[in-house]
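The values are calculated or read from the model by the stated rules, or taken from the named source; none is laboratory data. This one's a predicted model, so the numbers in the text were calculated from it and none came from an experiment. A quick note on method: Cβ atoms are made from the backbone with ideal geometry, for glycine too, and the neighbour counts reach across all protein chains shown.
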Amino acid sequence: MNRNSKILALKYRPQTFNQLIGQKVITETIINSIKLNKVPNAYLFTGIRGIGKTTVARIVAKSLNCLNGIENICKDNLCDNCDAITNSSHIDVLEIDAASKTGVDDVRDLIEFSRYGPTSAKYKIFIIDEVHMLSKQAFNALLKTLEEPPEYLKFIFATTEIKKIPITVVSRCQRFDLSRIKSIELLEYLKKIKDKEKGNVSDDALKLIVKISEGSVRDALSLLDRALLSLESNEELNLNVAQKIFGYFDKSQLIDLFELILKGEENKVVEIYRKIYDQGVEPKVFINDFLELVYYFKNINSLNLESTNFSLNDEEFSKIKKISSNIESETLLLFWQLTLRTLEELDIVSDQNLSIEMFLIRLMYLKSLKINDYLSVDKDKIKSLENNKEDENIENEIKSETINQIKNVAQEKKVKLEIEKEIKNEDKSSINTFNQLLDVCTKKKEIKLKYELENNVNLVRFENNRIEISFNDNLDKNFVKDLSLKLFEWTGVRWIITFSKLKGDLSIKDKEKNKKVELLNKAKKTQLYKSVIEKFPDADLIEIDSSKKN
């Protein structure tokens, strides 16, 4: 490796365990095993990209083969072995990219080569990077040698996909899971590199780099390298410049936008978003940052500034904490669900920018729905729903009421007008109970609607052209719209359908299941059943035909 390389990720690649950051426990374990001469047959390093898997593999190879021993391993004046391993030219330390040598023949060649002892080092070492790329046959060919290699042979594997490696291979290795580098530790590391490179970079810009890198040292150094190359002499890389370079925007703008959404300031919300979009921010980047902000608003009281991974500064953190005290958790859960759905929609729309604008407008509209009668939920009902904190279905309730009803308001009105014309001369049905509703569904051959009512609906209340229900996750998204239209068609009266936080009665299907279980349990207590079991111990009662009577 060229130690004078201008690429920071290579120039500052750790050469000894002391230079590694964020992997203290792992390095201490490896060093102790070498000192005690308890070196495993194979090491397996796993973790995300850019946290030092291959780097640790090379350091282990040097630690095993250094002419000065592990106690006095080379730091500056490298011995012949350490120098050759550093430059990837040691004859006894072979680095293999498993992505390009995946076949069983490649592994057989490797095994054949392992029959010969080391030439100039203590150990012959095979470093296999991205080992999960090996084929199944290649892994099988490696098993025997991996379990009982010659004393002079050591394997070091590195992978980002530990689940793709057969368990038979993993069990023959000493596994080490390298962790993401903590934000504070990575920030301090970047400050040292910045000072060595004499780069004029602000702490806020470095924090942004730390956030984008997501705990990867290589990513962080690559971003810093890119930022430094974009600067003119004597120019400072501040947060604003860094945001432009990396395509990120000021989080304070997003917090202001969020606050305006809560206030229902539609024009101002759209205006701020358009300014953000004009800065070159991609819609998916915006929506992901919006998701992150919703998370902070929901959990700000359980977080500290460090745990936000430098996404927020002190002022932004305090502002979110202040605003969040006036927002209900149900509202934030609703925002989270709709934001996730919008993220999916971005892949199917041609103009993602317009989709984001409509998403922001929908958020304001949905927010306002919680305090009016648009969803056919009166104020007393809303109050009772908000006071009942034990129900875990608030998220599904709000999502269904809004997304499944609101999106189709205009279309529903149009359909209703057409229906009104068609039913003028038809006889109207009288529906006063839930069972009568099921009978009408059967009579009108509305099989799908009857299925939903019997299987996925729990009745809470049925009275005065008003149905109050709870439901399970299998309920069709168009159920409320379909039922409302059919009830109006059948009765000539507009019905109000609301979702309740109460669990309600069991569904018809669940009642039938419970009845069946009750009959089976009752039958198993009879003398006849006991007599049959005595003669046929393997027999079991699985069903009772309750339609037949003795």
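Worth pointing out:
- For Leu223, the conditions (1) among the hydrophobic types (A, V, I, L, M, F, W, C); (2) more than 18 Å from Val281 (Cβ to Cβ); (3) in the same structural domain as Lys207 (by TED's automatic domain parsing); (4) touching a helix residue (DSSP H, G or I) at 6+ places or on another chain (Cβ under 9 Å) all hold with the exception of (2).
- Selection over region 134-178 of residues that are within 21 Å of Ser114 (Cα to Cα), of a type in the set (A, V, I, L, M) and either under 28 Å from the mean Cα position of the chain (by Cα) or not assigned by TED's automatic domain parsing to the domain that holds Ala98 (or both) gives a count of 3.
Condition check ((1) at pLDDT 85 or above; (2) part of a helix (DSSP H, G or I); (3) in contact with a Cys (Cβ under 7 Å, 6 or more places away or on another chain); (4) among the hydroxyl-bearing types (Ser, Thr, Tyr)) across all residues:
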{"site": "Glu71", "(1), (2), (3), (4)": "no, yes, no, no"}
{"site": "Asp76", "(1), (2), (3), (4)": "no, no, no, no"}
{"site": "Asn81", "(1), (2), (3), (4)": "yes, yes, yes, no"}
{"site": "Ile85", "(1), (2), (3), (4)": "yes, yes, no, no"}
{"site": "Ile96", "(1), (2), (3), (4)": "yes, no, no, no"}
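- Listed by first and then second residue, the pairs with beta-carbon distance under 6 Å, at least 6 apart or on different chains, first residue in region 274-296 and surrounded by fewer than 18 Cβ atoms within 10 Å (Cβ to Cβ), second in a helix (DSSP H, G or I), are Tyr277/Asn353; Leu291/Thr339.
- Selection of first residues in region 186-210 that are within 17 Å of Asn234 (Cα to Cα) and of second residues that are part of a helix (DSSP H, G or I) and of a type in the set (Val, Ile, Thr), restricted to Cβ pairs under 8 Å at least 6 apart or on distinct chains, gives the following pairs, ordered by first then second residue: Ala205/Val241.
- Of all residues in region 511-529, those that are part of a helix (DSSP H, G or I) have Cβ atoms under 8 Å from Cβ atoms of residues that are among the β-branched types (Val, Ile, Thr), 6 or more apart or on another chain, in Lys516/Ile544; Leu519/Ile544; Leu520/Ile542; Leu520/Ile544; Ala523/Ile544.
- In region 506-538, residue farthest from the chain's Cα centre (by Cα) [restricted to those that are surrounded by 11 or more Cβ atoms within 10 Å (Cβ to Cβ) and among the small types (Gly, Ala, Ser)]: Ala523
- Residue within region 496-505 that is within 17 Å of Asn435 (Cβ to Cβ), over 35 Å from the mean Cα position of the chain (by Cα) and part of a strand (DSSP E or B) present: no
- Residue in region 216-223 that is closer than 30 Å to Val107 by Cα, within 28 Å of the chain's Cα centre (by Cα), assigned to a helix (DSSP H, G or I) and modelled with pLDDT of 90 or more present: yes
- Meets criteria (acidic (Asp, Glu), closer than 30 Å to Leu360 by Cβ and not assigned by TED's automatic domain parsing to the domain that holds Ser324) for Asp204: yes
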